[in-house]
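Just so you know, all these numbers are worked out from the coordinates, no wet-lab data involved. None of these values were measured; they are calculated from a predicted model. With ideal geometry, Cβ positions are generated from the backbone for all residues, glycine too; neighbour counts draw on all protein chains shown.
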Amino acid sequence: MEYSILGRTGINVSRIGFGGIPIQHVEQEDVNKMITKSMEMGINFIDSARGYTVSESLLGNALAGRRDKFYIATKAMALDKEKMKEEVAKSLEDLKTDYIDLYQIHNVRSIEDLEMAIGKNGAVEAFTELQEEGIIKHIGISSHKIPVLEKAIEMDIFDTIQFPFNVVEKQGEELFKKAVENDVGTIAMKPMAGGALRDGRKSLKYILESPYLNVAIPGMDCVEQVIINANAADGVKLTDEEKAEIEKVAKELGNTFCRRCEYCLPCTVGINIPLLFIMEGYYTRYDLKDWAMSRYKSFDKKADDCIKCGICESRCPYELPIRDMLDNVTDVFK
């Protein structure tokens with residue numbers, strides 16, 4: 001396992017961390033096994049969030065007796081002081097710990113929201129007080145908007161930034177460079193494009209070649225993924241042929257695709273939007289037409305049940321044209 005100093009935090013983190021989104025759908029026993037295997041493979045950084053439903057609770061149970069083996073990062077969307085303090089308290093309870101190594105403001109959508117967070121009675125005030133009490137060690141920020149994180153870096157307040165970075169979305173390279181120049185740690189979310197990239201080894205190795213990336217946090221939901229992802233940080237670089245292969249996949253994928261973050265949910269009429277896009281991907285990209293068609297037909301709510309309310313699009317951090325994409329799913333499976 002390769003390690004990297006996470007900016008001004010001074011934390012020596014594994015370059016592959018454990019992304020805590022997918023375990024929301026995993027049994028506790030399996031999460032325990034995944035954390036055990038992560039420790040064996042040299043992974044020492046875990047990322048979760050208040051918004052990931054039961055993720056923190058599952059991790060808290062799995063970390064019993066080995067809290068000191070991992071650096072825990074989590075996050076909440078609260079922008080004001082009191083709400084953020086409430087969120088931190090819940091994180092401590094669910095994670096079964098008395099301190100959190102890195103607490104981040106989650107998914108900051110605009111400069112206005114950022115200014116609210118750092119202003120009087122904002123979330124940063126809560127962080128500052130909690131740091132003085134030793135409850136939070138370091139503070140960070142995550143966003144899908146480059147201008148927001150550029151501004152955050154300039155403010156010299158945050159110890160880390162978290163931004164999407166993968167072979168499809170490489171616009172984070174310059175942002176991470178700026179962060180490193182300002183001694184701010186860099187965390188790559190969606191390193192496998194939310195699961196759209198299926199070759200974990202190539203996908204992760206590709207971005208690990210960046211000198212400006214400290215840690216990538218692929219989401220994992222089984223022990224096999226832990227092993228594959230951890231092994232990507234073995235110091236062996238991709239061959240030119242392998243680079244060409246993963247770049248070809250990225251080109252075919254384009255930019256209008258679902259990253260499975262599930263921020264679009266719940267749908268007004270109960271459509272599992274990300275799941276439908278996964279089925280469409282299996283049908284069109286991965287030569288699993290019969291299986292995908294069978295699964296799609298089994299769903300109670302299908303793409304043509306969409307009532308075009310647009311609420312999902314207002315929530316999507318990638319500003320995807322979800323209604324048009326659902327129309328395409330309908331066309332694929334008609």
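Annotations for the structure displayed:
- Links that overshoot a 28 Å alpha carbon limit, given the list Lys75/Lys145; Lys33/Lys96; Lys37/Lys251; Lys83/Lys145; Lys85/Lys145; Lys75/Lys170: Lys37/Lys251
- Distance from the C-alpha centroid of the stretch 53-78 to that of the stretch 264-317: 30 Å, rounded to the whole angstrom.
- Pair Asp327, Lys177: separation of 7 Å Cα→Cβ label points (nm): 3.9 nm
- Whether the stretch 203-334 is rounded, prolate or oblate, judged on the alpha carbon gyration tensor where a/c under 1.5 counts as rounded: prolate
- Mean sequence separation of contacting Cα pairs (under 8 Å, at least six apart), scaled by the length of the stretch 273-333, corresponds to a relative contact order of 35 percent.
- Helix 322-333 and the longest principal axis of the C-alpha atoms of the chain enclose an angle of approximately 40°.
- Each residue of the stretch 168-181 was assigned a 3J(HN,Hα) from its phi angle through the Karplus curve 6.51 cos²θ - 1.76 cosθ + 1.60 (θ = phi - 60°); the sequence is 7, 10, 9, 5, x, 4, 5, 5, 5, 4, 4, 4, 4, 5 Hz, with glycine and proline shown as x.
- Note on the stretch 44-178: along the principal axes its Cα atoms extend 40, 39, 24 Å, ordered by decreasing extent.
- 0 to 90° range, to nearest 10: angle between helix 146-155 axis and the chain longest Cα axis: 0 degrees
- Protection proxy ranking, peptides 23-31, 43-51, average beta carbon neighbours within 10 Å, highest first: 43-51, 23-31
- When the chain is described by a simple charge dipole with +1 on each Lys and Arg Cβ and -1 on each Asp and Glu Cβ, the residue from Ile72, Gln24, Ser48 located farthest towards its positive end is Gln24.
- Fraction of C-alpha pairs exceeding 16 angstrom in the stretch 142-197: 34 percent, rounded to a whole number.
- Each of [x] 131; [y] 212; [z] 167 is a candidate for volume of the Cα convex hull per residue in Å³; the one calculated from this structure is [x].
- Principal-axis tilt of helix 273-284 within the chain, Cα atoms, nearest 10 degrees: 50 degrees
- Structural descriptor for the chain: relative contact order 17 percent, calculated from alpha carbon pairs under 8 angstrom and at least 6 residues apart.
- For the stretch 273-333, diffusion coefficient by Stokes-Einstein and Kirkwood Rh (Cα), 25 °C, 0.890 mPa s, µm²/s: 205 µm²/s
- Protection-proxy order for peptides 190-196, 33-39, each taking the mean of Cβ atoms within 10 Å per residue, highest first: 190-196, 33-39
- Cα pair count fraction exceeding 19 Å, expressed as % - the stretch 188-252: 26 percent
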